[in-house]
Amino acid sequence: MTVIESTVGRYLAPATLREALEALRDSEEATILAGGTDLMVQAQIGRRRIGATLLNIRRIDELKGIARDGDAIRIGTLATITQIMNDPLVRKHLPVLVEACDHFASDQIRNAATIGGNVSNASPAGDTLVPLLVLDAQVELASADGAGVARRSVPIAEYFTGPGRTRRAANELLTGVRIPVPPDGHYARFFKFGTRPALDISAISIGIAGVRSGGALSNVRVAFGAVAPTPVRARRTEAALEGRRLDESTIARAAEAARDEVDPIDDVRASAWYRKELIHNMTRRMLDHAAQA
């Protein structure tokens, strides 16, 4: 492990997961660095303070890669947005995640930003978080446990606790995201609205997924971003769609449920009223497309 000591703190660059977890365990105040596309900007504008230990995890091979793992696809925490977009497994089985990545910042940012960083940043408007919610993803966490490694998984729907806050403990490292391979007939789409959708933080984002059969959706998942303190599953909207034929009345009821279910705020990107109307109108449009697909 590379260690650099200075008057302002320590820089650590572990080569193995075990070294990283021990460093987290032994450091009272550590900041994790991966792509740095969020961390460096937040530090420069004073929104986030870098701790006494800066832990660079970019050299850890165990945190890289995308692979099939039984009935799931596992994406390592260091997988970049560009790598996810171009990966054959993701493109074949998880096209809604590719769709979201295509609206993620600029090419330069996608080449550096990691899925682990986007999840850990826990922004209510995080671009990969809505598709991960509708795909029933699990977040994998690890910590040092004596001479070994303790691991646990958390459903992503339960992972976020507030803006910038998650259920990850200070001694834990997010090691990857595990996504069940969707069944045959699975349908999923993502929508993001912003002034410049591929570059701006979203004013709203929507994910809709389900298994299509006989003109209806089952195992429905609906998620919204930028309309609450965290990305959220829209349970009432899901219930309005579950097992029902996607006709005009079902779509109208679901769109109304979506508008009534969100509780956004006014900010520089949009007013609360405008966000609710966007959720209503774009949910309706997405469901119209699903009915015609």
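The values are calculated or read from the model by the stated rules, or taken from the named source; none is laboratory data. This one's a predicted model, so the numbers in the text were calculated from it and none came from an experiment. Counting neighbours? That spans all protein chains shown, and the Cβs are built from the backbone with ideal geometry, glycine included. Keep in mind that these areas ignore ligands, DNA and RNA; they rest on the heavy atoms of the full protein, side chains included. Shrake-Rupley method; radii C 1.70, N 1.55, O 1.52, S 1.80 Å.
Rounded to whole Hz and in sequence order, give me ³J(HN,Hα) for region 29-41 from the Karplus expression 6.51 cos²θ - 1.76 cosθ + 1.60, θ = phi - 60°, writing x for Gly and Pro.
Taking θ as phi minus 60°, the curve returns 9, 10, 10, 8, 10, 10, x, x, 5, 8, 4, 5, 5 Hz for region 29-41.
Rounded to whole Hz and in sequence order, give me ³J(HN,Hα) for region 80-94 from the Karplus expression 6.51 cos²θ - 1.76 cosθ + 1.60, θ = phi - 60°, writing x for Gly and Pro.
My calculation for region 80-94 gives 7, 4, 5, 4, 5, 4, 9, 6, x, 5, 5, 5, 6, 9, 10 Hz in order.
Considering only protein heavy atoms and a 1.4 Å probe, what is the carbon-and-sulfur percentage of the accessible area of region 149-265?
Carbon with sulfur: 48 percent of the solvent-accessible area.
On full extension of the chain, what length is gained from R167 through R59, given 0.36 nm per residue of separation minus the C-alpha to C-alpha distance?
Additional length available on full extension: 36.4 nm.
For a Förster distance of 51 Å, can you work out the FRET efficiency between the beta-carbons of V149 and R285, rounded to the nearest 0.05?
After rounding, the FRET efficiency stands at 0.65.
Under a point spin-label approximation (7 Å from Cα along Cα-to-Cβ), what is the R10-D71 distance to one decimal in nm?
4.3
In whole percent, how big is the carbon plus sulfur part of the accessible area of region 8-78, probe 1.4 Å, protein atoms only?
46
What shape does region 136-293 take by its C-alpha gyration tensor, where a ≥ b ≥ c are the square roots of the eigenvalues and a/c under 1.5 counts as rounded, a/b above b/c as prolate, and the rest as oblate?
Note, shape of region 136-293 comes out oblate.
So what are the three principal axis dimensions of region 26-169 from its Cα atoms, in whole Å, longest to shortest?
Taking max minus min along each principal axis of the Cα atoms, region 26-169 gives 42, 39, 29 Å.
Label points 7 Å out from Cα along the Cβ direction at D26 and V211: separation in nm?
Roughly 4.9 nm, to one decimal.
Treat each spin label as a single point 7 Å out from the Cα along the C-beta direction, and report the D102 to N86 distance in nm.
About 1.7 nm, to one decimal.
Whole number in Å², please: accessible area per residue of region 6-64, 1.4 Å probe, ligands, DNA and RNA not counted.
That works out to 55 Å² for each residue.
Collect residues whose amide H, placed 1.01 Å from N in the peptide plane, falls under 5 Å from the amide H of R221; neighbours closer than 5 in sequence don't count.
Amide H to amide H, under 5 Å and 5 or more residues apart or across chains, R221 pairs with A209, G210.
Quick one: accessible surface of S213, probe radius 1.4 Å, all protein chains present, in square angstrom to the nearest 10.
Solvent-accessible area, nearest 10 Å²: 80 Å².
So if I take the centroid of the Cα atoms in region 262-293 and the same for region 238-260, what is the distance between those two points in Å?
Here the answer is 14 Å between Cα centres.
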